[in-house]
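Notes follow the structure.
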Amino acid sequence: MGILSICIPTRNRADLLERHLRHIATFKSHKYEIIVSDNCSSDHTPETVETIRSVLPGLRYVRQQEPLLDHEVHSASCALATGDYIIAVSDDDVLQEAGLLRAIEMMDRDSGIVAVYGARFPYDGARGFEEAIAAGMARTPRTEGIFGRQDMVRIFKTEKHMTLPIFRRSVFLNSHLPIPHLLPFDFHGMARFMKFGNIAMIKDCTALMWPHDQQNSGIIYRDETINNTLSDVEMFVVDAPEDSTRDAVDTLGLRTVAHYLLCSDQASRDGKFLLSRQYFLRALGRMTDGQDIARSFQDSHMVSMMAEALSQFFQVTGATSVLICEDRADCRAVADKFAERHPDVTIRLMNGEDIVDRPPRDEELYFVGDATIPRRCRQRFGAAGTRIRALDNFHNACRLVDDPT
Amino acid sequence: MSTLSICIPTRNRAHFLERHLRYIAAFKELTCEVVVSDNCSEDNTPEVVESLRGLLPNLRYVRQRQPLMAYAVHAACCALASGDYIFAIADDDFTQEAGLLRAMEIMDQQPNVAAVYGRWFRHHGIGTLEETIAAGKSGMAGRDRLEGVFGREDALKIFHEAHTMEMPVFRRSVFLNSHLPLPHLLPFDFHGMGQFMKHGSIAIIPDCVVVMSVHDQQNSRQIYADEIINSYLADFETFGAGVPEEMRRRAVVEVDVRTINKYLLSMELAREQGRFLLARQYLMRALGHGRLKDIRQRVRDFEQVYMTEMIAEALSQFYRVTRPTDTIVCEDTPECFAVAELFFKRHPETTIEVMDAEEILARAHSDLDLYFVGDPTLPDRRRQCVGLANGKIRTYYNLRSACRILD
């Protein structure tokens, strides 16, 4: 049986690393090389690794001389591997030996396979590993198979991710580079493997993901996460076989749109409605239709978007501490959501005529339903009368689609 | 007579702000208020603003209660404007009175024009601003440049032809109904233009509205940085989302074309800065959109010129993550030697020993050696000779193959 190098990058998570290493130490097969690449941890990682040597004699520990960037940590841990096969896995996951052995066996038997992708299931810590695996398999069963380049675009269309491969070191050396703005080993990584042979997908679980407090799961709508994701799928297309390029490019468009919609969804769940709107618009910008879904987005989130716009206006107006809201239902609905964001702000309801007559004060901001009020205030009080917005202003600014004409 | 709000966001650059405000104070004809939005400066910005009140009676100063994100600063200072028209401009630039007067005149005469876009020129501190403007204008002469009044039906034409659409002078009444502070987005570029066009026309004029000063304190980011690329893409895409229904199909194509061009520009910059693997990546990203002609030829040209550089950079990355290393052992072949020379420029602190294959096979193992060899069979042969698996060895073929873009 070929030797597997298990490569684990880590940084300041000694306890999680220890948990993972102790688990690996229980593996029955002895064909493993374990490499820990320590990205300049300032905690007790070096000591933890030392104490584990007794249970994991083959452990190799490399301490990086300067902090590496995100994209370099995986390749750094793989760089020193000497096994026939490699898996790069995170310190907080839990590798599953049965799945690894199955992958190794397959590659031992079939030299045309350069990488094997197993299943990865969530683990909540409450039950045994076997139970979690059984539950995962029941929930998301996967079809097994061996795939060549002719299947690349089909995989690109159907799979969400292609992560955590177990791959041949000999191919890895000829196919992979540490690439900035890119998470390693997703679609681009798969495409690189496929230049040198087939890939296999197996139903067996190779790792459980164990959620914990220290998780710095990159929020999907952050700049670097977006750029990584786009990079991965764009670079994938370059490696698609020439006769399926058109199909790959179209799929890239669909995936990009789908990803933006996912970001939009996540942002609205995080209460960031204007960001959600922005990602929705970005999706629309790459679609030829979509006015209908845009209209329904607008209908469900308009009040929340306006409240956020009002909140932003409030935040940049200096010393204001009171919101004077015209006393009508549509304004009150926005003001209620505004109040959730700013519990410290006093909100006063007032009718339109009183608002027009009221001399401006530095601490007061107005939000009105009658669109003519701001103009009347401005005529009356000049520049001082500009800390006022009409519901229509925000409504128009927040729209995604034009009114049907 | 209509009024203009000149809106200036600032942070910790009191001397630039003072320079700009004094410049504006010397305007002869323009009826304007100046709104300064101070993004929590820690320097003497508040005092400088106070001292200028005598010169600029219509100055309004707002100090932000908490530091704003980059995208919010422009929106913040425009939020407090009270003029009929607004112009948002940086603290270190020089607003040009003549250009602004012209823009206001156009909007006074044509109520349907929602925004006017003038020109701007860069001033490198040599000669007077007037000379910079004159030189800029003559530099533009002969170039095809858009000029005139454009409606929504022209949005895609402008998107296709214009480099950027920044620094508009715009109607406050339209702004209130069309603009939001958007994260991941540079304010007032194509998306901003598209929003103005939903409420009227825009005018593009030859007059100069700004002279931009070029100086040390400029925190210009690289266009390939995550946040900059994402801002540009967001701008293109949100612009695309705003074009009228019947132009959508073309809009999607134009968004794609601009995306590709941005990637190619990123590639150029990365290449100029010696980041060849990043340049390769942006080239691949551009290729991924499938619209470029002669893809294979482009890739061949790129690989032909930069392959050795890319390999040297890949070797350098390998070296960086496998330290400590005392000696780079390089096989004595012309390809390896060429790579080693470029590698040495990146790491002059290293010792490189050039040897032939036999010497490499005979060398005793040390964790402090890193091998770079030409003969693809050498790693296995050495493994047999020494009887030890060693991860710190790469062949020229490994790195070349990994750097290749197409088969």
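Values in this text are rule-based calculations from the coordinates and carry no lab data. Worth saying up front: this structure is predicted, and the values here are computed from it rather than measured. We place every Cβ from the backbone using ideal geometry, glycine too, and count neighbours over all the protein chains shown.
Couple of notes before you dig in:
- Within the protein assembly as shown, antiparallel bridges make up roughly 25 percent of the DSSP beta bridges whose residues both belong there.
- Counting only whole DSSP H helices of chain B, the ones at least 27 Å long by C-alpha along their axis and with mean Kyte-Doolittle hydropathy no lower than -1.0 are B:248-272, B:295-321.
- Fraction of beta bridges assigned by DSSP in the stretch B:72-211 that are antiparallel (%, nearest 5): 60
- The ratio of the alpha-carbon radius of gyration of the stretch B:1-126 to the globular-protein estimate 2.2 N^0.38 Å is 1.04.
- For the residue pairs A:K272/B:K157; A:K160/A:K195; A:K272/A:K337; B:K157/B:K198, alpha carbon separations beyond 24 Å are given by A:K272/B:K157.
- When chain A is treated as a GNM with alpha-carbon contacts under 10 Å, the residue of A:K337, A:K203, A:K28 showing the greatest mean-square fluctuation is A:K28.
- Average partner coverage of B:63-73, which counts Cβ from other chains inside 10 Å: 2
- Gyration tensor (alpha-carbon) shape descriptor, the stretch B:104-232, a/c threshold 1.5: oblate
- Chain A - Kirkwood radius from inverse mean 1/r over Cα pairs (Å): 24.9
- Result for chain B in a Gaussian network model with C-alpha springs under 10 Å: among B:L100, B:L378, B:L388, the largest mean-square fluctuation is at B:L388.
- Summing +1 for each Lys or Arg and -1 for each Asp or Glu among the other residues whose beta-carbon sits under 12 angstrom from that of B:Q281 gives +1.
- Environment charge of A:L100, counting only residues whose C-beta is closer than 10 Å and scoring Lys/Arg +1, Asp/Glu -1: -1
- Among A:V62, A:V322, A:V238, residue whose mean-square fluctuation peaks in a GNM of chain A (springs only between Cα atoms under 10 Å): A:V322
- GluC sites (Glu not before Pro) restricted to the stretch B:318-395 and DSSP loop, no more than 13 other C-beta within 10 Å: B:E349
- Antiparallel DSSP beta bridges within chain B, as percent of all bridges there, nearest 5: 25
- Evaluating kT/(6 pi eta Rh) at 37 °C and 0.692 mPa s, with the Kirkwood radius of the protein assembly as shown over Cα pairs in the Stokes-Einstein relation, gives 110 µm² s⁻¹.
- Net charge dipole, chain B: roughly 840 debye, given to the nearest 20, about the Cα centre with Cβ charges of +1 for Lys and Arg and -1 for Asp and Glu.
- Dipole magnitude for the stretch B:265-407: about 880 debye, using +1 per Lys or Arg Cβ and -1 per Asp or Glu Cβ, origin at the Cα centre.
- Nitroxide proxy distance, nm - points 7 Å out along Cα→Cβ at A:R375 and A:A25: 7.8
- The stretch B:168-218: C-alpha gyration tensor shape, a/c 1.5 cut-off, then a/b vs b/c: oblate
- Farthest towards the positive end of the charge dipole of the stretch A:19-93, among the residues A:H44, A:A79, A:F27, is the Cα of A:F27, using unit charges on the Cβ of Lys, Arg, Asp and Glu.
- Kirkwood Rh and Cα Rg combined as Rg over Rh, evaluated for chain B: 1.12
- Charge sum, other residues only, whose C-beta stays under 12 Å from B:D216's C-beta, Lys/Arg counted +1 and Asp/Glu -1: 0
- The stretch A:330-405: C-alpha gyration tensor shape, a/c 1.5 cut-off, then a/b vs b/c: oblate
- Normalised convex hull volume, the stretch A:57-104, alpha-carbon set, Å³ per residue: 113
- Chain B - Cys residues lacking any other Cys C-beta under 4.7 Å: B:C32, B:C40, B:C78, B:C208, B:C330, B:C336, B:C385, B:C403
- Total charge dipole magnitude, the stretch A:56-117, about the Cα centre, Cβ charges on Lys, Arg, Asp, Glu only, Debye to nearest 20: 180
- Qualifying GluC sites (Glu not before Pro) for the stretch A:89-164 [loop in DSSP, other Cβ within 10 Å: at most 14]: A:E144
- Pairwise centroid distance, computed over Cα atoms, of the stretch A:323-385 with the stretch B:374-407, Å: 72
- Degrees, to the nearest 10: A:223-238 long Cα axis against longest axis of chain A: 50
- Positive dipole terminus of the protein assembly as shown, leading residue within A:G112, B:F337, A:S170 (C-beta point charges): A:G112
- Against chain A, whose longest principal axis comes from its Cα atoms, helix A:97-109 is set at around 60 degrees.
- For chain A, the longest principal axis of the Cα atoms and the long axis of helix A:129-139 meet at an angle of about 60 degrees.
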